[in-house]
Amino acid sequence: MSNDNDFYNRVYKAVRKIPKGKVATYGQIAALCGAPKASRVVGSALHRNPEPVVIPCHRVVNRFGGLAPAFAFGGKQVQKELLEAEGVKVSNEFTVDLSLYLWDGANS
């Protein structure tokens, strides 16, 4: 990315739109930010989330619905607890059923 700060801000803006009870994938957020191949950069941005409560990075999962192995704010158990508090069921394998919980992003 030529300007990480600008891209990171677009990531944070997109992630703020994910409603409670839904999740989005890193790739989905990258596409919403105009860089569909930048899912790893999305992960980097979320790992540096300056406002973890305001920017709900816990709502972002991998393309298979998997939670972040090293969730920046307490590990995948904390990510699981945050999602379940919002009504998202997380399996014992730390995955979310995307057919039920994936945000469509249509109104973004």
If we keep only residues of the stretch 1-32 that are of a type in the set (A, V, I, L, M, F, W, C) and in a loop (DSSP other than H, G, I, E, B), then the residue farthest from the chain's Cα centre (by Cα) is M1
For the stretch 64-75 the number of residues that are among the aromatic types (F, W, Y), exposed (fewer than 12 other Cβ atoms within 10 Å of the Cβ) and at pLDDT below 85 is 0
For the stretch 25-39, indicate whether the set of residues that are over 24 Å from L100 (Cα atoms), surrounded by fewer than 22 Cβ atoms within 10 Å (Cβ to Cβ), out of contact with any Gly (no Cβ under 6 Å at 6 or more places or on another chain) and among the charged types (D, E, K, R) is non-empty.
-> yes
Being in contact with a Gly (Cβ under 9 Å, 6 or more places away or on another chain) and either modelled with pLDDT under 90 or of a type in the set (A, V, I, L, M, F, W, C) (or both) narrows V61, V54, V78, V96 down to just V96
**Asked** Before we move on, is A35 within 13 Å of the chain's Cα centre (by Cα) and assigned to a loop (DSSP other than H, G, I, E, B)?
**Response** no
Selection from the stretch 81-93 of residues farther than 13 Å from G21 by Cβ and either touching a Gly at 6+ places or on another chain (Cβ under 6 Å) or part of a helix (DSSP H, G or I) (or both) yields E81
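The values are calculated or read from the model by the stated rules, or taken from the named source; none is laboratory data. The shown structure was predicted, so the numbers you read here are calculated from the model rather than taken from an experiment. Methodologically, a virtual Cβ is constructed for each residue, glycine included, from the backbone with ideal geometry; neighbour enumeration extends over all protein chains shown.
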